[in-house]
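The values are calculated or read from the model by the stated rules, or taken from the named source; none is laboratory data. These numbers come from a predicted model, not from an experiment. Quick reminder, even Gly has a Cβ in these numbers, built from the backbone with ideal geometry, and neighbours come from all protein chains shown. With ligands, DNA and RNA removed, areas are computed over all heavy atoms of the protein, side chains included. Shrake-Rupley method; radii C 1.70, N 1.55, O 1.52, S 1.80 Å.
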Amino acid sequence: MTPSVPVPSHNKAAALTEQQERLRHLPKEAGEAFHRFQAAGDPVALNVVIFAILADFIPRKPARPLAESPGSTRLVDDLGFDSLAITEVVFFTEDLFGISIANEEIIQVRTLDDLRGFIQRKVNARAAR
Amino acid sequence: MSRLPVITGLGFITSIGHDRPTVLRSLRELRHGFEPVEFLGNPNLPVKVAGTVKGFAFPTPNWRDWSWPAQFSVDRELIRGLAPHGVYALCALQQALADAGLEAAALTDGTTGLFCASAGSPFLLGHFLNQMHATRGERGNPMGIVSSIAGTLNFNLAAHYKISGAVCGFVSACASSSHALGYAMDEIRLGRQQRMLVVGAEDMTDESIMPFASLRALSNNPDPATASRPFDRRRDGFVGTGGAVALVVEDAALAKQRGAHLYAELIGWGQAGDGHSVAASHPEGAGLREAMRRTLADARVNATDIGYVNAHATSTPAGDRSEALALHAVFTANGAKPRVSSTKALTGHGLSLAGAMEAAFCALAVEEGFIPGAAHLEELDPVCIGLDLPCTSLDEAPGLVLNNSSGFGGSNVCHIMRRPA
């Protein structure tokens, strides 16, 4: 007999905290940047996290790294985001930063600059509370 | 002019192989695909064997944690809407299309349809519903529905391949993909489509297999070499498996015109209900008996013309007995004695996948001129006396081949295929 193997769906990630689980699939530097941002509000660190989230949910691999794209790059027309992928980004971002984003707000976000500015404002508003 | 459906492409992601040569060798040499497994992390469970799908891993519901053999490619855009069996199905369909010599661009003009069968993904559906309850409805995965409900295969594959012909899913449990193939034959015969893609698939997870333990339908035999033994007196239930099989079915005239390789002609199919029980098969196999008769009539052949029957037999005490009685009624009583075997002895029972998987095995048998043996059969159930169950695979052309499938509620479906003229 070969050794017993676990059936695939046995969930080994269950022991992680919710926050660790959210960050688990992002690059290590994005996780570190997130903690830096949470501790000191570093806007450069926030940028790193946002690009990592976008890279994780983008439907098709972009031709060049997102961080090298100009701020005017459009999420839908240039990067190929669809409404489903944007919804995923919104839910993930809400959970990670503890913010709330309304549908009518996200519709206004069209470019990379829009998204960065929007999340920054939301997070600042959260900090002010 | 009558139109004849022919099989021109096959793709396999199964417990006995992920490509045609490996599957063929497993069938010829009776190599099974079973491994010891521990369901639900619980060593106390009596069910200890499964037909594992090697090289694929789905350790969590998050697709970022999934992996598959390097020879297959799964687009990022597609995988977010897939269940584990959707990944299997994509890999099987990629193979089948390449085998048929078809580019994806050839599928989009409305002359190609897609019929699929799976039970959906209880693994993902359970996860998404738990998440919904945990967040009291405030969070959900936007792809939760399309990746997990029955129909997920046709939703995803039709969109990905831009299929604008007939698109449908079939849900008759273990007869599902046999229904898909039968109705695909009709689409060709009626001239509605020139080509049909038929895909059967199932997850291979705790959630897809263990619920059958509640029905007392699974084998408790811990030995992978004997746990699945259809028609053996000591059989005690089926062994679960997952995977995917894809078939390309085309109008023979058009397939020949484009120079396609023909595996087998599909010359008839039929179905009949048991009208008996929600879960148990009719004790004398009444529905299966009638389905076989209707299929013979549809193909305009006699019982004595059939050379090989790929039985549905899953290795459950009651189900195999019903099928043996149905086979006696259709064949033995009419002086016919085709070879009979159930390849579930090697693969395990693939549920919605089973019919398409076994149709593809039959196509290989027809093409290669061999008959898969009745693996693991050592002590013949007395009810089978008079049936010809060869214990090894035979190097003989099977002639006409009958493929049987039966599902919950007493749905019985059969197909007949033969070597192309």
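The protection proxy used here, the mean number of other Cβ atoms lying within 10 Å of each residue, ranks peptides A:86-94, A:118-126 as follows, highest first: A:86-94, A:118-126.
Taking the Cα centre of the stretch B:195-275 as origin and assigning +1 to Lys and Arg Cβ atoms and -1 to Asp and Glu Cβ atoms, the resulting dipole is close to 300 debye.
Per residue of B:73-85, other chain Cβ atoms within 10 Å of the residue Cβ number 2 on average. Taking the DSSP beta bridges in the protein assembly as shown as the whole, what percent of them are antiparallel, to the nearest 5? Roughly 65 percent of the beta bridges in the protein assembly as shown run antiparallel, per DSSP. Binning the alpha carbon pair distances of the stretch B:289-421 at 5 angstrom intervals from zero yields the distribution 2, 11, 23, 26, 23, 13, 2, 0, expressed in whole percent. Against the main long axis of the alpha-carbon atoms of chain A, helix A:83-97 sits at an angle near 80°. Look at the dipole of chain A built from charges on Cβ: of A:Phe57, A:Leu46, A:Gly71, the Cα furthest out on the positive end belongs to A:Leu46.
Rounded to the nearest 20 debye, the dipole size of the protein assembly as shown about its Cα centre is 180 debye, using +1 on the Cβ of Lys and Arg and -1 on the Cβ of Asp and Glu. Here the gap between B:Ala70 and B:Thr22, fully extended at 0.36 nm per residue and compared with their Cα-Cα distance, gives a gain of 15.6 nm.
The DSSP beta bridges internal to chain B are antiparallel in roughly 65% of cases. Using +1 at the C-beta of Lys and Arg and -1 at the C-beta of Asp and Glu, which of B:Thr332, B:Met185, B:Ala286 has the Cα lying farthest in the positive direction of the dipole of chain B? Most positive-ward Cα: B:Met185. Would you mind classifying the protein assembly as shown by shape? Square roots of the alpha carbon gyration tensor eigenvalues, ordered a ≥ b ≥ c; an a/c under 1.5 is rounded, otherwise it is prolate if a/b is larger than b/c and oblate if not. Prolate, because a/c is 1.5 or more and a/b exceeds b/c.
Here the dipole of the stretch B:89-203 is about 240 debye; that uses its Cα centre as origin and unit charges on the Cβ of Lys and Arg (positive) and Asp and Glu (negative).
Computed across the stretch B:50-122, the Kirkwood hydrodynamic radius from all distinct Cα-Cα pairs reaches 13.9 Å.
Full extension of the segment from A:Arg74 to A:Ala39, taken as 0.36 nm per residue of separation minus the current Cα-Cα distance, would add 9.6 nm. The simple Förster model, with R0 at 22 Å and r as the Cβ-Cβ distance, assigns B:Ala421 and B:Arg258 a FRET efficiency of 0.80. For chain B, adding -39500 (n - 2.57) for each run of n ≥ 4 DSSP H residues and dividing by the number of residues yields -9000 deg cm²/dmol at 222 nm.
A Förster radius of 22 Å combined with the Cβ-Cβ distance from B:Lys337 to B:His276 puts the calculated FRET efficiency at roughly 0.20.
In the elastic network of chain B, a GNM with C-alpha springs shorter than 10 Å, the most mobile of B:Leu402, B:Leu254, B:Leu215 is B:Leu215.
Think of the stretch B:86-208 as having a plus end and a minus end, set by charges on the Cβ of Lys, Arg, Asp and Glu; of B:Gly120, B:Ile145, B:Leu97, B:Ile145 sits farthest toward the positive end of this dipole. In the context of the full set of protein chains, the protein assembly as shown has a per residue accessible area of 40 Å² (1.4 Å probe). Where Lys and Arg each count +1 and Asp and Glu each count -1, what net charge lies around B:Cys168 among other residues with Cβ under 14 Å from its Cβ? Counting the neighbours of B:Cys168, the net charge comes to -1. Based on C-alpha pairs under 8 angstrom that are at least 6 apart in sequence, the stretch A:57-129 has a relative contact order of 36 percent.
For chain B, averaging the sequence separation of C-alpha pairs within contact (under 8 Å, six or more residues apart) and dividing by the residue count gives a relative contact order of 23 percent. Let me know the shape class of the stretch B:1-137, please: from the alpha-carbon gyration tensor, a ≥ b ≥ c as square roots of the eigenvalues, rounded when a/c is under 1.5, otherwise prolate if a/b is greater than b/c, or oblate. Here the stretch B:1-137 falls in the oblate category. Rounded, prolate or oblate: which fits chain B when a ≥ b ≥ c are the square roots of the eigenvalues of the alpha-carbon gyration tensor, with rounded for a/c under 1.5 and prolate only if a/b beats b/c? The shape class here is oblate. Per residue, the average separation of C-alpha pairs within less than 8 Å and at least 6 apart gives the stretch B:217-353 a relative contact order of 33 percent. Got a sec? Which residues in the stretch A:17-54 would a label at A:Asn124 touch, if it sits 7 Å along Cα→Cβ and we count backbone N under 12 Å? Answer for this model: A:43. Only lysines eight or more places from B:Lys162 in sequence, or on another chain, were considered; those with a Cα closer than 24 Å are A:Lys61. Sorted largest first by accessible area at a 1.4 angstrom probe radius, with every protein chain in place, the residues B:His261, B:His160 fall in the order B:His261, B:His160. Under 17 Å from the Cα of B:Lys256, which lysines turn up, not counting those fewer than eight places away in the same chain? Excluding near neighbours in sequence, the set is empty.
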